[in-house]
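Every read-out reported here was derived from the displayed coordinates using simple, explicitly stated rules and does not represent laboratory data. Treat the numbers as computed from the prediction; the structure is a model and nothing was measured. Glycine also receives a Cβ, built like all others from the backbone with ideal geometry; neighbour counts cover every protein chain displayed.
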Amino acid sequence: MSQTQALWWASESFWRKTAIWVTAGSFVVLIFLTFDTVKQITAGGKRVPAYSVINNRIDYVFDEKRNFQVPVIGPEEPLFGKKLTEEEAAALVSHGKLTTQAKNCMNCHTLLGNGSYYAPDLTKSWLDQSWGSKEVREQQMVEFLMNPQDRLHNALGRKMPNLGITEAEARATVAFLKWMSSIDTNGFPYNFKPIDQADAAPAVEAAPASDPAAAAPVQQ
Amino acid sequence: MAALGTLSTANLNGGQKLAVKYFTVAVALFGAQVLFGLLAGIQYLNPDFLFGILDFSVNRMLHINAMVVWLLFGFIGSVYWMLEDEAGVPVVGLGLGNLIFWIFTLAVVVVVLVYLLVQVGPGELKSIWLINEGREYIEAPRWADIGIVVCVLVFFYNVASTFMKGKFSGIAGVLVMDLVALAGIYLAGMYYTPNISMDQHWWWWVIHLWVEATWEVLVGCLMAYGLIKTMGVRRKIVETWLYIEVALMFGSGILGLGHHYFWIGTPEYWFTIGGFFSALEPIPLVAMVVHAVFDAGHHKLKSTNNPALAWIIAQAFGNFFGAGVWGFMHTLPQINLYTHGTQWTASHGHLAFFGAYATMVIAFFYMALQKWRGGVYMSGNLVGAWKWKWAIFLLHAGMIAMVMGLLVAGYEQSQIERAIGGSDWVAYFAGQSHRWFMQGMFWRMVGGWTFAAGFVLLAWDLMTIGKRETRPALAVQAEAAAA
């Protein structure tokens, strides 16, 4: 009599209902989480700073409590020496972001770890020691972007092609990269050793040992 | 009616005539994927190759875009293939469907030509509308995005209204709901924001909820139909399994989205949610293996179409290993911190897309050819069977070599560049120049050439299989209802 009843868990209708409820339930949970996440990653929040953060020094420092490196917004240090309003900064970063899309950066590089693996990750490229020192970094980056094919930063014969990036686009891209380095990425990339950004103030006598090497890309 | 073994559209119903058009373009685009993959692979070993003409970024974009589009064409074709059969009535808007096919194909040609000839544009919104959106997998410019949505809506209308007019089977129900989700999710990728975290947050809605949720359910539907067709598995069993798969797939896959939200600026609670649910993601894939292998064993591997059955079985295993095992290997945040954005991902991507999706579409190519040639014999001792057997072997051998080469490179990269080096510019090149990385890339290339040979053989086989066969197809051995 009850063979079908005994096998209710193997019946078509049970699994049809389960499929519907599980899907709907998961989707509802996702929607709730999405509202919260979108709120937290809107530019201007704690995790994703406002675009005017490019007016400040940005560092990447180990945090004891969270047990990984986190971005630290430092003293005022405007990009290209010019302090921007929030609107100006947003426009500049947006121009840079559009440039990264129009030049198809993501099909060689990764941004926040997503993209292609033919060239280095750009998440913290603003903080990379290979730009030499913080004094020459901005100019180095602009020049590299405009004319990358013959530069020392290419390695293994892999060269970044000349993508016809104008000076305005290059400066905007640098602004975008500086802003991106301020995003709290939960410690990704791990163990990154940022460029020395300490002020060369004479008061601090005990300069870090890495100082003399700062002019050249650091070799491990 | 044409003689048995002769290719004739008179053998096909309306939906199937449209399906074979989609299949033809799909095979051509599959070829393009292989070609541009080879070029990009060569550039890893010889960076000067085509430098300044077809840079890596262009080849890689074409490689992955050709893949997305050929699989979409394959899926649309497969659904049109089964539509009339499953609904029991002719496709409702066939004329419109045909028109859309030509528009879609033309749009793809234009997009590819722009990718090849224009490549990049100035950093303005105009470039994103006309040339290239610069976002991995969905690079297609915005005008094409809108075109894709229109095409998919027409396709959806055809599918839903045909089922509504005829029979609305369990497969039909799952398929229609899945297509709603598939089309809706694509909209999440169609906007511009300067905020890269927000950008990637919604971008993953498209990428993840396509390939790790809705596409998986779509191939579940195709497999269900395929098992009924090639082996006569009872519909009740197939559909019950389909519901189980949907429950497990969406139950793990929807919140499994969280494993892409570890490092892009999104909050820390995604560590727990993403880690937990993505760890469950292999379970439905195990269910699919059990389902396919059990049915095949139950029918003693007797099928009406051996190549199709072989590819269905390949799908079950490829999906499990590529999406399930390879995905799980680096899905937990504790390991993903080091593997995120390395060749691990490439290794996983290759095996998963091939194992889960390419295989199923190829199975449908074979089912289509059988009927296209008038219901020709395709079981044991098929004339010229060496071709399909060698094709499936070479494609798998090539794929496994690529996947293993990339995996070794990925292991090395996550250790040298990530864990030790700290992921900066110098560490990146320290990882890339390591001997083990270069060896991995070499073997990937060997795998790439092997795969390309397999593709050529597959294309040749698809053009010729059943041509000299004079026997009619075996009848489907339907299971006794009371079994």
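With a/c under 1.5 counting as rounded, go ahead and sort region B:195-470 into rounded, prolate or oblate using the C-alpha gyration tensor (a ≥ b ≥ c being the square roots of the eigenvalues; past the cut-off, prolate if a/b is larger than b/c, else oblate). The shape class here is oblate.
Could you pull out the trypsin sites (Lys or Arg not before Pro) across region A:20-101 that fall in loop regions by DSSP (anything but H, G, I, E, B) with no more than 16 other Cβ atoms inside 10 Å? The qualifying sites are A:Lys46, A:Lys65, A:Arg66, A:Lys82, A:Lys83. Counts of other chain beta carbons within 10 angstrom of each beta carbon in peptide A:21-28 average 6. Take the cross-link list A:Lys39/A:Lys82; A:Lys83/A:Lys159; A:Lys17/B:Lys302; A:Lys65/A:Lys103; B:Lys17/B:Lys387 and give me the ones stretching past 28 Å between alpha-carbons. From A:Lys39/A:Lys82; A:Lys83/A:Lys159; A:Lys17/B:Lys302; A:Lys65/A:Lys103; B:Lys17/B:Lys387, over 28 Å: A:Lys39/A:Lys82; A:Lys83/A:Lys159; A:Lys17/B:Lys302; A:Lys65/A:Lys103.
Beyond 29 Å, how much of the Cα-Cα pair distribution for chain B remains, as a whole percent? Everything past 29 Å amounts to 50 percent.
The Kirkwood radius of region B:373-423, taken over pairs of alpha-carbon atoms, gives through the Stokes-Einstein law at 10 °C and 1.306 mPa s a diffusion coefficient of 111 µm² s⁻¹.
What does the C-alpha gyration tensor say about the overall shape of region B:19-152? Classify as rounded when a/c is under 1.5, otherwise prolate if a/b is larger than b/c, or oblate. Oblate, because a/c is 1.5 or more while a/b does not exceed b/c. Model label sites at B:Phe49 and B:Val476, defined 7 Å from Cα along the beta-carbon direction, differ in position by 4.5 nm. Couplings 3J(HN,Hα) for region A:165-171, derived from phi with the Karplus relation 6.51 cos²θ - 1.76 cosθ + 1.60 (θ = phi - 60°), are 6, 7, 5, 4, 5, 5, 5 Hz, where x marks Gly and Pro. For the listed peptides B:93-99, B:323-329, B:178-184, a ranking on the average number of other beta carbons within 10 Å per residue, highest first, reads B:323-329, B:178-184, B:93-99. The sum of -39500 (n - 2.57) across all DSSP H runs of n ≥ 4, divided by the residue count of the protein assembly as shown, sets its helix-only mean residue ellipticity at 222 nm to -19500 deg cm²/dmol.
Taking GluC sites (Glu not before Pro) as exposed when their DSSP state is a loop state and no more than 14 other Cβ atoms lie within 10 Å, the longest site-free interval of chain A runs over A:65-134. The GluC sites (Glu not before Pro) of region B:221-320 meeting both criteria, a DSSP state outside H, G, I, E and B (loop) and at most 16 other C-beta atoms within 10 angstrom of the site's C-beta, are B:Glu268.
Here is the list for region B:159-190: chymotrypsin sites (Phe, Trp or Tyr not before Pro) lying in DSSP coil, each with at most 16 other C-beta atoms within 10 angstrom of its C-beta, are B:Phe168. Remark on A:Asn56: its backbone amide H falls under 5 Å from those of A:Glu77, a criterion applied only to residues 5 or more positions apart or on other chains, H modelled at 1.01 Å from N. The tail of the calculated P(r) for region B:328-462 beyond 19 Å holds 58 percent of all Cα-Cα pairs. For region B:400-411, backbone phi angles converted through the Karplus equation (6.51, -1.76, 1.60; θ = phi - 60°) give residue-by-residue couplings of 5, 4, 4, 5, 6, x, 5, 5, 4, 4, x, 4 Hz, Gly and Pro being listed as x. Could you grab the relative contact order for region B:195-470? Cα pairs under 8 Å, six or more apart, rounded to a whole percent. Computed over region B:195-470, the figure is 17 percent. So what's the gap between the Cα centers of region B:352-426 and region B:180-212, to the nearest angstrom? For region B:352-426 versus region B:180-212, the Cα centre distance is 27 Å. With the convex hull of its Cα atoms as the shape, the protein assembly as shown has an orientation-averaged projected area of 31.0 nm². What is chain B's relative contact order, in percent, from Cα pairs under 8 angstrom and six or more apart in sequence? This gives 17 percent for chain B. Beta bridges assigned by DSSP with both partners in the protein assembly as shown are antiparallel in approximately 85 percent of cases.
Comparing Cα centroids, region B:257-309 and region B:42-100 end up 23 angstrom apart. Under Stokes-Einstein, with the Kirkwood radius over Cα pairs as Rh, the value for chain A at 37 °C and 0.692 mPa s is 162 µm²/s. Scalar couplings 3J(HN,Hα) for region B:6-17, obtained by applying the Karplus form with A = 6.51, B = -1.76, C = 1.60 to θ = phi - 60°, are 9, 6, 8, 5, 5, 7, 10, 7, x, x, 6, 4 Hz; x denotes Gly and Pro. Compare the Cα positions of B:Ser78, B:Thr24, B:Gly123 along the charge dipole of region B:16-158 (+1 at Cβ of Lys, Arg; -1 at Cβ of Asp, Glu; about the Cα centre) and return the one farthest towards the positive end. It is B:Thr24. Annotation: amide H of A:Asp63 within the under-5 Å range of A:Phe68, A:Gln69, A:Val70, sequence separation 5 or more or interchain, hydrogens built in the peptide plane. Normalised by the number of residues in chain A, the average gap of Cα pairs under 8 Å and 6 or more apart makes the relative contact order 22 percent.
Taking A:Ala172, A:Ala24, A:Ala89 as the candidate residues, the one with maximal mean-square fluctuation in a Gaussian network model of chain A, Cα springs under 10 Å, is A:Ala24.
Among A:Ile20, A:Ile31, A:Ile73, the largest mean-square fluctuation in a Gaussian network model of chain A (Cα springs under 10 Å) belongs to A:Ile20.
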